[in-house]
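Some notes on the structure that comes next.
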Amino acid sequence: MNTTILRKSVLGIAGLAFAGGVFAGPVTEAHANPAMDAKAVAVVQADKPGVDKSKLIPHGVQGKQSRIDLDDEQTANVKAIIAATKKSGMDERAAVVAIATALQESKLENLGHLGERNDHDSQGLFQQRPSSGWGTVEQITDPEYSTMAFLKGLKQVDGWQDMPLTKAAQTVQVSAYPDHYAQWEQQAADLVTKHWNN
């Protein structure tokens, strides 16, 4: 392989890693076996259509961003939120809003009642309350049901697609801390980029 093609392949891989917000191994591995890595990237791109990143964060992120490492359970909950979003007929932006909301409310953990630390009767990924009409405890601790309930509320927010994430989430959630959702927008967008086409 000539050096111009190799250089372009390495720069292309590095650009993809940077754009996705993740610095991954292929950039380093490209030096060890450049021909094989260039082919692998081409196959992945051909098999999986990319997510339109301009739809994920149309207004840009607001304020300082937070990020947490996810375990297997949290990752499974991300996938459940994405599956429910697709099932509801909503797009990637709705998934970003939902995931950012769940990151703020529960750190993507499907929480049961926390005893004295519980906020009233809030439970599940979105900390929904049976007493506020979100459903039974069994329902709101089911990731698909709770996501569908959140998205049903989001659909009822006029113009949610054109709102900053924190305003759209707050209109559904009615939180005592309305601005806290914004800090999770970048991580939520990264998770949608990673898992939407899986």
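The values are calculated or read from the model by the stated rules, or taken from the named source; none is laboratory data. Note that the structure is a prediction, hence the values are computed from the model and not measured. Neighbour counts run over all protein chains shown; Cβ positions are idealised from the backbone, glycine included. Ligands, DNA and RNA are stripped out before the accessible areas are found, and what is left, the full protein with its side chains, is counted by its heavy atoms. Shrake-Rupley method; radii C 1.70, N 1.55, O 1.52, S 1.80 Å.
List of remarks:
- Meets criteria (surrounded by 20 or more Cβ atoms within 10 Å (Cβ to Cβ) and among the charged types (D, E, K, R)) for Arg129: no
- Qualifying positions in the range 163-198 - in contact with an Asp or Glu (Cβ under 8 Å, 6 or more places away or on another chain) and closer than 15 Å to Gln65 by Cα: Leu165, Thr166
- Residue match in the range 78-87 (condition: modelled with pLDDT of 60 or more, over 17 Å from Thr193 (Cβ atoms), within 19 Å of the chain's Cα centre (by Cα) and loosely packed, with under 15 Cβ neighbours inside 10 Å): yes
- Cβ pairs under 6 Å, 6+ apart, first in the range 47-65 and of a type in the set (Lys, Arg), second modelled with pLDDT of 80 or more: Lys48/Asn197; Lys55/Glu92; Lys55/Arg93
- Taking the criterion of being crowded, with 19+ Cβ neighbours inside 10 Å and either under 12 Å from the mean Cα position of the chain (by Cα) or of a type in the set (Asp, Glu) (or both), the residues of the range 173-185 that qualify are Trp184, Glu185.
- For the range 141-165, filtered to residues that are of a type in the set (S, T, N, Q) and closer than 18 Å to Met90 by Cα, the residue that is most open to solvent (accessible area, probe 1.4 Å) is Gln156.
- Failed criterion for Glu138 (all others in (1) open to solvent by less than 70 Å² (accessible area, probe 1.4 Å); (2) not in a loop (DSSP other than H, G, I, E, B); (3) not aromatic (Phe, Trp, Tyr) hold): (1)
- Scanning the range 92-106 turns up no residue that is open to solvent by 60 Å² or more (accessible area, probe 1.4 Å) and either among the acidic types (Asp, Glu) or touching a Leu at 6+ places or on another chain (Cβ under 9 Å) (or both).
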